1. Spot the failing condition for residue 346; the list is (1) at pLDDT 95 or above; (2) crowded, with 18+ Cβ neighbours inside 10 Å, and only one is missed.
2. Consider only pairs whose beta carbons are under 6 Å apart and that are at least six residues apart or on different chains; among these, list those whose first residue lies in the range 316-343 and is at pLDDT 95 or above and whose second residue is among the acidic types (Asp, Glu) and in a helix (DSSP H, G or I).
3. How many residues are crowded, with 18+ Cβ neighbours inside 10 Å and either over 20 Å from the mean Cα position of the chain (by Cα) or of a type in the set (A, V, I, L, M, F, W, C) (or both) if we restrict to the range 221-237?
4. Using beta carbons and a limit of 6 Å, which pairs, at least six apart or on different chains, have the first residue in the range 238-267 and farther than 30 Å from residue 99 by Cα and the second one surrounded by fewer than 16 Cβ atoms within 10 Å (Cβ to Cβ)?
5. Considering the range 51-105 alone, what residues qualify as being among the β-branched types (Val, Ile, Thr) and under 30 Å from residue 192 (Cβ atoms)?
6. Would you point out which residue out of 204, 200 is touching a Gly at 6+ places or on another chain (Cβ under 8 Å), aromatic (Phe, Trp, Tyr), touching a residue at least 12 places away in the same chain (Cβ under 8 Å) and part of a helix (DSSP H, G or I)?
7. Could you please find all residues in the range 58-84 being in contact with a helix residue (DSSP H, G or I) (Cβ under 7 Å, 6 or more places away or on another chain), in a helix (DSSP H, G or I) and in contact (Cβ under 8 Å) with a residue 60 or more places away in the chain?
8. Before we move on, is residue 302 closer than 30 Å to residue 406 by Cβ and touching a helix residue (DSSP H, G or I) at 6+ places or on another chain (Cβ under 9 Å)?
Amino acid sequence: MSEHSVSSEDSVYKPQSPFMRWLERRLPIAGLVHSSFIVYPTPRNLNYWWTFGGILTFMLGVQIVTGVVLAMHYTPHVDFAFNSVESIMREVNYGWLLRYLHANGASFFFVAVYAHMVRGMYYGSYKEPREVLWILGVILFLLMVMTGFMGYVLPWGQMSFWAATVITNLFSAIPLVGNAIVTWLWGGFAVGNPTLNRFYSLHYLLPFVIAGVVVLHVWALHMVGQNNPAGVEPKTKKDTVAFTPYATIKDAFFIGVFCLFFAWFIFYIPNYLGHSDNYIPANPGQTPTHIVPEWYYLPFYAILRAIPNKLLGVIALAASIVLLAFLPWLDTSRVRSANYRPLYRQFLIVYFLAVIGLGYLGSQPPEGGYVIAARILTAYYFVFLLIILPLLGLFEKTKPLPNSISESVLRDGLPVGASAPPPAKA
């Protein structure tokens, strides 16, 4: 047995104090924490891509805490919302810090979730037996998208008002029920005070729904175990280490590095990711020259605008996210990690570049070459998911997998696919 592996005796929580023994017999919270976050077996070859799950949990806590405090001072009324935000910035103790933490926290939340999704797609973390884990992750992403959009409306600036008008109007493309849905979202026949109240209520509620789904996500993770860069399941105790201190120290270090960048944005360039038009009070009679959503929605906004038909554009927008939930079945290869799938790795990198390109095009006016480029990248986005992925699993020649996680660690200094020296005989 490895010196770092966990013995069966160590994995059982043994309360030391009389109070903890009394509590454990009645409410075994300490035992649950011990088994889930102390001795939980973690693949020994995890890299820093696996720390973004911890970062997301940390950022969710930041958003909930700052959001609750901001809600105490915000006024959800079209006549007072804009000024109440300005009042928070100028008159509430550290209100400027709370507001910048919350606004920039949304952006950094999406930075972490996109990195988390990139890691999942590269290392095949959606494959059997982790299908439900992946689907819960896509549901979390959808909830984040809705929560972020509703939060963007609350300052009630020009971009907030017109973004709400444009995005909610998309539902009118749905046959038969579209107009009824738009009227319900608006609370009337135009974006106004009922709309703001609806979005404020839902923006306050959804983070707690996200927290509940996160619990399910972690539960599902602990049921099937973590994936790893080699994409092979742990076979012996030598393949794993205890979650604490090995994973917790790594997570804590990278969360600290992440917070340094977060703090730099907050204290030096807090408005860099915002839009200047949102510092102008909402005016229904004056349309901004160029309506754009927050940066983390731009790839999907570009897909929407790339298709001239409104209904088809809405369908493509929804499909671009919903299709991600079907990755476990669209990807027919039995090999998880892209490290052992050379063709898949190349196509996947192009896919990631296409998403970045769509993000840039979503920030540009919908005209000329921008539209043509957006259509090309949108086509590749769907071709990759619907055609390339299923076919690669049938025709791709993969590299030989290591027999175990320990072998992949020992081969780390060798080229992928090279043979490791035989183990020495005892």
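1. Single failed check for residue 346: (2).
2. Every condition considered, the pairs that remain are 328/131.
3. 5
4. Final answer for the pair search is 238/2; 241/4; 243/37.
5. Those that are among the β-branched types (Val, Ile, Thr) and under 30 Å from residue 192 (Cβ atoms): 64, 66, 68, 69, 75, 78, 85, 88, 92.
6. Selected residue: 204, the only one of 204, 200 that is touching a Gly at 6+ places or on another chain (Cβ under 8 Å), aromatic (Phe, Trp, Tyr), touching a residue at least 12 places away in the same chain (Cβ under 8 Å) and part of a helix (DSSP H, G or I).
7. The answer is 58, 60, 63, 64, 67, 71, 81.
8. Spelling it out, it is not the case that residue 302 is closer than 30 Å to residue 406 by Cβ and touching a helix residue (DSSP H, G or I) at 6+ places or on another chain (Cβ under 9 Å).
The values are calculated or read from the model by the stated rules, or taken from the named source; none is laboratory data. Here the structure is a predicted model, which means the values were calculated and not measured. Using ideal geometry, Cβ is built from the backbone for each residue, glycine included, and neighbour counts are taken over all protein chains shown.
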